Amino acid sequence: MAVMKKALYMIASGLEAALLIGAYVIQYFTRRKMGMARYVVYKNRGWEAKYPMELLQYAAMAAVLILTVLAVAGYVRLHRKPSIRMKGMVLVTVFLAVLFIGFTLMSGTDRLRAYYFIDGMFAAAALVQGIKANLGLYAGRTGRRSAE
């Protein structure tokens, strides 16, 4: 059980890193390669026509905010002597939530061509981190302190 838990934790951490690196790579190639820029503009227009992008962004911000508040509240409430790993996990959760919400509110397609791609990747990374932090805090609690 512990091996599987560690493996899932590593997979989630790798997914977060891949999403953040992917956001950088997309922005890099969108600025450097005309074909990538054209494709991104084409996809942006298609997504804006097909989906309510603003509503989806606010829903993602709400979900990330809820997960972050739950993680911070659980950290404060449940851990009198928290481990360094749990402190780091909650800090990364807060950082990714601030990064995603700040990026969503401060940027737009008028400033960045790859805005929806990057915003989606930041949202996915923040959601994965929020879920990971909340599972680390609340999973396996039966009225006693966990081994964290």
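Summary of values
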item	result
Partner lysines for K33 [C-alpha distance under 16 Å; skip if fewer than 8 residues away on the same chain]	K43
Choice from V76, V41, V64 showing the highest fluctuation, given a GNM over the chain with Cα pairs closer than 10 Å	V76
Theoretical gain in end-to-end length, K5 to K43 [0.36 nm per residue, Cα-Cα removed]	10.0 nm
By average C-beta atoms within 10 angstrom, highest first, the peptides 121-127, 3-9, 133-139	121-127, 133-139, 3-9
Degrees between helix 53-78 axis and first principal axis of the chain (Cα, 0 to 90, nearest 10)	20 degrees
Relative contact order [Cα under 8 Å, 6+ residues apart], the chain, whole percent	39 percent
Debye log10 I(q)/I(0) at q = 0.10 Å⁻¹ for the range 2-138, Cα point scatterers	-0.38
Acute angle (nearest 10 degrees) that the helix 2-32 long axis makes with the longest principal axis of the chain, alpha-carbon atoms	20 degrees
Charge tally in the Cβ shell below 13 Å around S13, where Lys, Arg are +1 and Asp, Glu are -1, S13 excluded	+3
222 nm mean residue ellipticity, helices alone, for the chain (DSSP H n ≥ 4; -39,500 (n - 2.57); rounded to 500)	-29000 deg cm²/dmol
0 to 90° range, to nearest 10: angle between helix 84-106 axis and the chain longest Cα axis	30 degrees
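Read-outs: derived from the displayed coordinates by stated rules, not from any lab. It should be emphasised that the depicted structure is a prediction, and the values quoted were computed from it without experimental measurement. Using ideal geometry, Cβ is built from the backbone for each residue, glycine included, and neighbour counts are taken over all protein chains shown.
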